Every structure is written in structure tokens, then in C-alpha cells.
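The values are calculated or read from the model by the stated rules, or taken from the named source; none is laboratory data. Since the model is a prediction, treat every value here as computed from it, not as a measurement. We place every Cβ from the backbone using ideal geometry, glycine too, and count neighbours over all the protein chains shown. Ligands, DNA and RNA are stripped out before the accessible areas are found, and what is left, the full protein with its side chains, is counted by its heavy atoms. Shrake-Rupley method; radii C 1.70, N 1.55, O 1.52, S 1.80 Å.
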Amino acid sequence: MNLAERSASALTALQELPAVQLQGSVVGVAGLAVDVGGLSNHLSVGDRIALRSRAGANIPAEIVGFHDGIAQAMTYGSAEGLGPGGAALAALPAPGARHGATLAVSDAWIGRIIDPLGRALDGRGKLPRGPRPLPVRGPPPVATRRGRLGERLDLGVRVLNTFATCRRGQRLGLFAASGVGKSTLLAMLARHTACDVAVLALVGERGREVREFVEDDLGPGGLERAVVVVATSDTPPLLRREAAYAAVTVAEHFRDQGKSVLLLMDSVTRFCLALREIGLSAGEPPATRGYPPSVFAELPRMLERAGPGPELPGQPLGHITALFTVLVEGDDHNEPVADAVRGILDGHVILDRRIGEAGRYPAVDVLRSLSRAVPGCNSDAENALTRRARAILALHADMADLVRLGAYRAGSDPAVDEAIVVAPRLAAVLQQRPDERTSLADSFARLRAAIEERPA
């Protein structure tokens, strides 16, 4: 056995040794932050530890910072029962092992509902572990070596297929206030999109609505090809933040197999709110509207992990097509999170409350929505068709008040006369039942028929 073989054998033996257990102690608790002493020289940011409560229970926690030789941790569960003198337990990583949290994703997770730590929430038994643990906080692919966007993707929703056509590996934002139909639209996409696997992240979702969403909106047909990651609004901010990272990690597992993955996250805003709670508790100064600087540094790291995978010799190229919902506070589409997300993603879809109140769902405002990939994936005829439809809808919106007041006389302007006739037909095309699926070809065919139909 040569030196290289002996070295490899020794490293394997070292990695198989049981982890060394380190013990420190809790020295202070303030708000969401727990100060831990005695472990600072052995840990780094992102490492997970266990904090022992007065009742003897181990509470999982994560190191989020250091100050004056003291490690700052935050818990993944309730901090009740923690106090000074309580034990803080950490496993010393083996030589060559990766620091930070990992998730051993398995193909058998499809059809399951899990929490951000990889534990089953559906009562169907323990989740099997995959052969290769993936870093939960992994980096995005190197920009110069990641693949290009793939062919256009059939989302099954007419308004998106025609006015925000998407390509494999593209990232779109769904911007809306609460109660405008984001969850229903996400469920439609999970059921109807032509993909291999769908990964849904419910970040900070109302606990009451999780079963309703999974059983009624998503349904058995959608769940059978999906992995659902859930962290409800009552969970600690660390767990809500981890839900987004865990969902992306699951999506990367299937992407690395060359599959077309659909990643749906509801919502990025609640992810940023969790980051804000963590940052402020760790002592960061508030900046834009109370958000600390780390929020706007962490946001692109998470969003950039979606998209085409890296081009590697001998391996198939997979894509993560992602749609992230953004909960705009007070219908302000220029608030900090919405503005930052819009600048990172490859397009945006605006859901308008007034359209929903008028009874048209999905309540997409096509005049304010766009996909930056449209010019490169639709034909010239299709692009001309959507431009004409936009022009008709825009003119109808401009003249609506005059028509409603009776101040416009029919025949004064042929373009306005056409818009008055065609716009309602376009609105009918854009409306779609949640259980209805329409292909790309049929979506454009219906749009063309609505514009070119001649009165009898």
C-alpha cells in the first residue's frame, strides 16, 4: 500500500470515529438570543448545538454570532426552561467534515410533508436518509459555469403562458397583498406545470391553512409529485428562515439528477421578516424600514441558488424554475423587500386586488407583469399577438371611465371601439378555474381567437 492509499485509509477511519462531544454552558438569555460560554474556540457561525433546559430536554439551536469571546445562539424551538448554567452540547466535526447544517435528501421524500430540519410532518413515518448530505446553506453555481435557460415551460395557466411566458430555469416573482389568491395560484402551478418534481416552501404560513392548502388546493394529484416544506407562523424565526434554505436544498438534490424542478415559495417576505428578527436579536443595527443590512445580503444568496444547474462533464443539466411570492405590505410595490426581489429575479407577476374583487381569477394585472425571457422563447407572431393584446387592454383601461360616464360616443375612434368589444373577451380568456389546465399552444390559440373574432 503506497502513501496515498494509506493516507486515504487513515482519513476514512478518522471520519468513521464517533464525534467528540463538547460541553459549554448557557451564560445569558435575552429575547431570542442565548449566550453560550466555553465553546467559542470550537464553533463557527451556522453550526448547530443542543441547549439543555431545566427540565432536561435538549433544544436544538444554531450559532448566529460571537461577541467578546461568547457565542450567540438562537433556538429552533421554544426557549422556555433555558437559564444560566444550563448545558450547551456540541459535536466536534470530524477532520475534513463540512461545517454547518446538512440535509440528506432522498428521492423517497416525494409526496411527503416535512419540516425544515428534515423531519416528517405527515404522520407517515420517519423520512429515509439519502446517501449524500447536502449543505443547507450551499452557494449558488458559479456564474460562468452554470447552464443557460432551457426551452419554454408550460405552466398550465393561460395568463402566465401568454403574458409571462417562462423558460426552464427562470425565476419569477409573484407580487401581491394578502387575500388576492397567491396560494390558489401556487397550487395551480404545482398541479399543472410540466415538470418532473415540485418543491413547495410554506414559510410562516398560517397553521390553520396548511391542511386546507395541501388537501384542497394542492390535492392528491399535486402532492404525489411534490415535496412540501412547512414552517408555520408560530415557529421561531430560525425555523422559518431554514424552511426557505431547506426547500432550495431539496430542489438542488433533484436538479443534480438532471430533472426539471419547480420551486414554489410562499413567501419571500416572511423569509425576510425572519431574517430581520434574527439580525436584530443578534445586535445588528436597523437600516431600511427596520431591516438590518444582513437581510439584503442574504436575500440574493438564497434566490441565486435557483435557476439552471452547473454544466459538468458527463452529467445531465437540470433546472430549478422558481416562483417566489412577495407579500407587499399595504399594496406598496416599492417597499424594500419587493424592490430588492424585483431587481434580482427574471420577471415579475403582479396580482391586483381590484381585479380579484371584480371576480377574475387568477387576478393577474398583465399590464404591470412581465417576463424577461419572453423575447427569446416566443415566436415573432406570438410576441406580436401579446403586444396587440396589451395595447387593447391598456386603451380599454384608459377609456373605461369615459365609457362608463357616457362621455365617449361610439364611432369616434375605431381603436377605442375595438377595445370596448375585445377587452371583455380577453378578460374571459385570462380567467381560469383552479382545476382547469391549458397548454401553451391552446393558450395562444384562445388569445388569438379572442382578438380576431368577428361579430356575427
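Some points to look at:
- Against the numbered list (1) without any contact (Cβ under 8 Å) to a residue 60 or more places away in the chain; (2) surrounded by fewer than 20 Cβ atoms within 10 Å (Cβ to Cβ), GLY130 comes up short only at (1).
Condition check ((1) under 26 Å from ALA226 (Cβ atoms); (2) hydroxyl-bearing (Ser, Thr, Tyr); (3) under 17 Å from the mean Cα position of the chain (by Cα)) across all residues:
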position: THR321; (1), (2), (3): yes, yes, yes
position: THR325; (1), (2), (3): yes, yes, yes
position: GLU329; (1), (2), (3): no, no, no
position: ASP332; (1), (2), (3): no, no, no
position: PRO336; (1), (2), (3): no, no, no
position: VAL341; (1), (2), (3): yes, no, yes
position: ALA358; (1), (2), (3): no, no, no
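- Filtered residue count, the stretch 27-37, keeping only those that are surrounded by 18 or more Cβ atoms within 10 Å (Cβ to Cβ) and either charged (D, E, K, R) or in a loop (DSSP other than H, G, I, E, B) (or both): 2
- When residues of the stretch 267-304 are limited to those that are among the hydrophobic types (A, V, I, L, M, F, W, C) and not in a helix (DSSP H, G or I), the one most open to solvent (accessible area, probe 1.4 Å): ALA287
- Just one of the listed residues (ARG225, ARG208, ARG191, ARG255) is farther than 26 Å from HIS333 by Cα, more than 18 Å from the chain's Cα centre (by Cα) and open to solvent by 10 Å² or more (accessible area, probe 1.4 Å), and it is ARG208.
- The residue that is nearest to ILE63 (Cα to Cα), among those in the stretch 212-248 that are polar (S, T, N, Q) and in a loop (DSSP other than H, G, I, E, B), is THR235.
- Yes/no for VAL326 being assigned to a helix (DSSP H, G or I), in contact with a helix residue (DSSP H, G or I) (Cβ under 6 Å, 6 or more places away or on another chain) and crowded, with 22+ Cβ neighbours inside 10 Å: no
- SER369 being crowded, with 19+ Cβ neighbours inside 10 Å, within 28 Å of LEU323 (Cβ to Cβ) and of a type in the set (S, T, N, Q): yes
- Within the stretch 401-432, the residues that satisfy the criterion of being of a type in the set (A, V, I, L, M, F, W, C), open to solvent by less than 50 Å² (accessible area, probe 1.4 Å) and within 37 Å of the chain's Cα centre (by Cα) are VAL422, ALA423, LEU426, ALA427, VAL429, LEU430.
- Only a single item in (1) over 20 Å from ASP435 (Cα atoms); (2) at pLDDT 95 or above; (3) part of a loop (DSSP other than H, G, I, E, B) is not met by GLY156, and it is number (1).
- Output for the stretch 362-416, where each listed residue is among the acidic types (Asp, Glu) and free of Cβ contacts under 8 Å to residues at least 24 places away in the same chain: ASP365, ASP380, ASP398, ASP401, ASP413
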